[in-house]
Amino acid sequence: MGDAVKDEPSRVKDKLSRAEKTRLTRRRIIAAAADLFLDQGYGATTLDQVAARAGVAVQTVYFHFGNKATLLKEALDVAAVGDDEPVALLDRPWLEEMAAEPDPVRLIELWTAGGREIMERVAPLLAVVRGTVGTDPDLAAQWDVNENQRRTAFRALAGLLADRAALRPGLTVEDAAELAFLITSVENYIVATGPLGWSPERWRQTTTTLLVRALLDGTEGSAG
């Protein structure tokens with residue numbers, strides 16, 4: 001009995017170690033896939049190449065992800081939140097901070113600051129997806145999933161502003177969400193930081209100003 005109790009911490013440690021090894025393997029595979037998607041495109045990337053770059057057997061890639069479309073989804077999810085923790089974007093602490101912020105302008109500033117960080121991580125991958133949605137059903141479906149997720153997020157923002165009675169007169173929550181979704185679209189970010197040569201910080205400042213002017217009732221002050 002005593003030996004069994006003594007051995008229990010060792011078994012728990014071994015189990016945790018195996019779980020962490022599995023997680024690290026998944027991280028390597030996702031990172032390798034993201035690099036290859038960016039380097040040579042989604043269509044040209046094979047799971048054999050992903051496995052080789054990650055330093056694992058291709059069977060390991062299939063075991064964890066099943067197919068390339070799932071691997072792309074995982075790469076986008078990690079890019080969106082910045083890690084592989086199983087916590088949805090809208091359940092992250094940054095949303096709690098915004099929910100506790102009484103000033104609508106400051107709320108929008110917090111939103112676009114978080115949006116800038118997300119865009120810097122996810123826009124390069126989404127540009128790959130966007131460029132080939134017309135030729136690949138998997139990519140078209142993934143693009144729709146990501147856009148629907150963004151629309152859900154902007155409904156949350158519009159709801160927070162409505163709770164503060166800050167929306168421009170006549171503007172519904174749905175209208176506000178659609179305006180915010182349009183102003184902060186991935187396409188706009190790509191154009192701003194690509195052809196226009198803007199820095200991500202300039203995109204953030206401009207987007208903040210546009211959102212304040214489009215959504216708020218004009219008595220909230222100016223964005224900084």
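The values are calculated or read from the model by the stated rules, or taken from the named source; none is laboratory data. Since we're looking at a predicted model, the values are computed, not measured. Virtual Cβ from ideal backbone geometry, glycine too; neighbours counted across all protein chains shown. We work out accessible area using only protein heavy atoms, side chains counted, and drop any ligands, DNA or RNA first. Shrake-Rupley method; radii C 1.70, N 1.55, O 1.52, S 1.80 Å.
Sorted on the mean count of surrounding Cβ atoms within 10 Å across their residues, most packed first, peptides 179-189, 42-52, 105-115 read 105-115, 179-189, 42-52. Spin-label model, Thr70/Gln40: points 7 Å from Cα along the beta carbon direction are separated by 2.3 nm.
On the beta carbon distance between Ala52 and Glu187, with R0 = 41 Å, the FRET formula returns roughly 0.80.
What the range 143-194 shows is 47 Å² of accessible area per residue, with the surface traced by a 1.4 Å probe over protein heavy atoms.
Using the Cβ-Cβ distance between Asp103 and Arg27 with R0 = 30 Å, the FRET efficiency computed as 1/(1 + (r/R0)^6) comes to roughly 0.20. D by Stokes-Einstein for the range 114-222, Kirkwood Rh over Cα pairs, 25 °C, 0.890 mPa s: 165 µm²/s.
For the range 89-155, the share of accessible area belonging to carbon and sulfur comes to 53 percent (1.4 Å probe, ligands and nucleic acids excluded). The gain in end-to-end length when the Asp175 to Arg121 segment is fully stretched comes to 16.7 nm, 0.36 nm per residue minus the alpha carbon separation. Taking 0.36 nm per residue of separation and subtracting the Cα-Cα distance, full extension of the segment from Glu147 to Arg164 would add 3.5 nm.
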